[in-house]
Amino acid sequence: MRCLRGWPPLLLAAVLSPVPASVAAQAPEPGRILEKVACAKAPGQSYALYLPSGYTRERRWPILYAFDARARGLVPVERYREAAERYGVIVAGSNNSRNGPIAIADEALRAMLDDTSTRFPLDPRRVYLTGFSGGARVAVLAAAALGDQAAGVIGAAAGFPTGLQPTAATPFAYFGTIGVDDFNFPEMRELDATLAKLGVRHHVEVFEGGHAWPPADVCMRAIEWMEIEAIRSKRRTDDPPLVDRILARWTAEAEAEEKAARPVEAWRRYSLLTATFAGLRDVAGPVRKARELASSREVRSALAEEDASVTRQAGEHARVARLADRAVAAEGPESLIELLRAVEELRSQSERPRSDAARMVARRVLVSSWSRLNEANARDLEAGQLPRAAARLSVMARIRPDDPLVPYNLACVLARSGKKEGAIDALREAVRKGFNDAAAIEAEPDFATLRREPGFRKILEELKS
């Protein structure tokens, strides 16, 4: 696997030498989450942190670096806290890395690597990376840059970045997570198949949900899977009692799913169990269970629904994208009417009680279409295409009529365009729908031309009162 151009190899040099006592003494209190730890050499960079309650300087610790798509370092730290405490893993979630130029993630990663490797005694062979959405792609990039120091990646809701493809020589283990209603579901299914063909140690966990960080129980399973992989690859010493405990817990989970008449989930649990412990423990029983369930009508039907959803998703997304482009280009009122009709149909399908192909497709396409509009709007603003950005936001407001950020952003665009009256009307609409941050409105540079307008001042006065 090669690194992308522009991201040179990274090294955790500090972990190879003893941690200075003066620095180690500054370690935060173990056993509690800290929302913000400022990087000593880069004060503008910070990370949320969890140190296991048993933390001591007398041993080296595995660490999990986390990258959120929206710079929410606390979110992954909270999700992984229970697993980190049980298995003795430090978790650090960047408060700066977010979707956008790779330079932002690069700076955040380097600052965290430097600060944590100076502050804590880390295990140089057990560095793990995780991320959500664009952050998942950052995690893969970082693992590729770290080389042999990266033991594994836990990718949530997205796979490998463009320009960096997995190969048979991929040096790190990969645990992916994806919600069944996530618009990136097809991508993660394809990645699962690719890694299987390449013989890369991996697993892709499917859970009930959409485009999000995985729930805490999936995070626990991901850390447990990495523990077994670390033993398999000899990155950590063998621990038979630990292996037996995880095997027993996973077996109990699989059996519980089976007893609860949830054959698909039981099949997934038995399949994971057999792939993870093959060669380490006797898995003949789980192998037999997985095969029996795989041939059942319920499992075959569920997998067929997933296949159908992947096929239909591409077509529906293309249809909505085409209608949205026509509506933004103002090709007659019928274009907007047709788009809104398509969105309403998807909303209706998304509320179906049974998780069939129609519901999965609707939920994924609603989010993917919104994301496409949002990204296109950002490009319009960057290119200075203010009329087009305003038109796109007007369409977005019809799709999500209760979202206060859409009229707020529209107000910003109209203010930049010199359309003061329209900007104030849009801002008033944003406040009516729930935007109540007066300080943010006052500090918004786009509203500089509105500050002396009576309508603008009245909005602020009403919010403050």
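The values are calculated or read from the model by the stated rules, or taken from the named source; none is laboratory data. Fair warning: this is a prediction, and the values are worked out from it, not measured in the lab. FYI the Cβ positions are ideal-geometry reconstructions off the backbone, even for glycines, and counts take in every protein chain you see. For accessibility, only protein heavy atoms count, side chains too; no ligands or nucleic acids. Shrake-Rupley method; radii C 1.70, N 1.55, O 1.52, S 1.80 Å.
As an exercise: evaluate residue 345 against (1) charged (D, E, K, R); (2) assigned to a helix (DSSP H, G or I); (3) touching a residue at least 24 places away in the same chain (Cβ under 8 Å) and give the number of the one condition it does not meet.
Result: residue 345 passes all but (3).
So which helices (runs of 4 or more DSSP H) stay within region 389-456 end to end and still have 2 or more residues that are buried (at least 22 other Cβ atoms within 10 Å of the Cβ)?
Numbers: elements: 405-416, 420-432, 438-443.
The qualifying helices (runs of 4 or more DSSP H) are 405-416, 420-432.
Please tell me if residue 256 is of a type in the set (A, V, I, L, M, F, W, C), farther than 21 Å from residue 154 by Cβ, without any contact (Cβ under 8 Å) to a residue 12 or more places away in the chain and in a helix (DSSP H, G or I). Quick ask: steps written out before the conclusion?
Details: of a type in the set (A, V, I, L, M, F, W, C): yes; farther than 21 Å from residue 154 by Cβ: yes; without any contact (Cβ under 8 Å) to a residue 12 or more places away in the chain: yes; in a helix (DSSP H, G or I): yes.
Spelling it out, residue 256 is indeed of a type in the set (A, V, I, L, M, F, W, C), farther than 21 Å from residue 154 by Cβ, without any contact (Cβ under 8 Å) to a residue 12 or more places away in the chain and in a helix (DSSP H, G or I).
How about region 183-235: which of its residues are open to solvent by less than 10 Å² (accessible area, probe 1.4 Å), touching a strand residue (DSSP E or B) at 6+ places or on another chain (Cβ under 6 Å) and among the acidic types (Asp, Glu)?
205
Going by the conditions given, is residue 69 within 20 Å of residue 174 (Cα to Cα) and either in contact with a Lys or Arg (Cβ under 9 Å, 6 or more places away or on another chain) or open to solvent by 10 Å² or more (accessible area, probe 1.4 Å) (or both)? Lay out the reasoning, then the answer.
Details: within 20 Å of residue 174 (Cα to Cα): yes; either in contact with a Lys or Arg (Cβ under 9 Å, 6 or more places away or on another chain) or open to solvent by 10 Å² or more (accessible area, probe 1.4 Å) (or both): yes.
Against the criterion (within 20 Å of residue 174 (Cα to Cα) and either in contact with a Lys or Arg (Cβ under 9 Å, 6 or more places away or on another chain) or open to solvent by 10 Å² or more (accessible area, probe 1.4 Å) (or both)), residue 69 qualifies.
For region 261-281, does any single residue satisfy the condition of being surrounded by fewer than 17 Cβ atoms within 10 Å (Cβ to Cβ) and farther than 26 Å from residue 195 by Cα?
yes
When residues of region 166-187 are filtered for being within 20 Å of residue 135 (Cβ to Cβ), aliphatic (A, V, I, L, M) and in contact with a Ser or Thr (Cβ under 8 Å, 6 or more places away or on another chain), how many remain? Spell out the reasoning first.
Let us first name the residues in region 166-187 that are within 20 Å of residue 135 (Cβ to Cβ), namely 166, 170, 172-179, 181-187.
Those still in the list that are aliphatic (A, V, I, L, M) too: 173, 178.
Going one step further and asking which of them are in contact with a Ser or Thr (Cβ under 8 Å, 6 or more places away or on another chain), we end up with 173.
Residues flagged as within 20 Å of residue 135 (Cβ to Cβ), aliphatic (A, V, I, L, M) and in contact with a Ser or Thr (Cβ under 8 Å, 6 or more places away or on another chain) within region 166-187 amount to 1.
Among (1) among the hydrophobic types (A, V, I, L, M, F, W, C); (2) open to solvent by 40 Å² or more (accessible area, probe 1.4 Å); (3) within 31 Å of the chain's Cα centre (by Cα), which single condition is residue 284 missing?
(3)
From (1) over 30 Å from residue 248 (Cβ atoms); (2) touching a His at 6+ places or on another chain (Cβ under 9 Å), pick out the condition that doesn't hold for residue 315.
Answer for residue 315: the failing condition is (2).
Find the residue count for region 304-328, including only residues that are open to solvent by 30 Å² or more (accessible area, probe 1.4 Å) and free of Cβ contacts under 8 Å to residues at least 40 places away in the same chain. It would help to see each step written out before you state the result.
As a first pass, look at region 304-328 and keep what is open to solvent by 30 Å² or more (accessible area, probe 1.4 Å): 304-305, 307-308, 310-312, 314-319, 322, 325-326.
From what's left, free of Cβ contacts under 8 Å to residues at least 40 places away in the same chain: 304, 307, 311, 315, 318-319, 322, 325-326.
Within region 304-328, residues that are open to solvent by 30 Å² or more (accessible area, probe 1.4 Å) and free of Cβ contacts under 8 Å to residues at least 40 places away in the same chain number 9.
Within region 160-182, does at least one residue satisfy the condition of being touching a residue at least 60 places away in the same chain (Cβ under 8 Å), open to solvent by less than 10 Å² (accessible area, probe 1.4 Å) and in contact with a His (Cβ under 6 Å, 6 or more places away or on another chain)?
Yes, that holds for at least one residue.
Are there any pairs with C-beta distances below 7 angstrom linking a residue in region 106-135 that is under 18 Å from residue 150 (Cβ atoms) and of a type in the set (S, T, N, Q) to a residue that is open to solvent by less than 20 Å² (accessible area, probe 1.4 Å) and assigned to a helix (DSSP H, G or I), with the two at least 6 apart or on different chains, and if so which?
117/15; 130/76; 130/139
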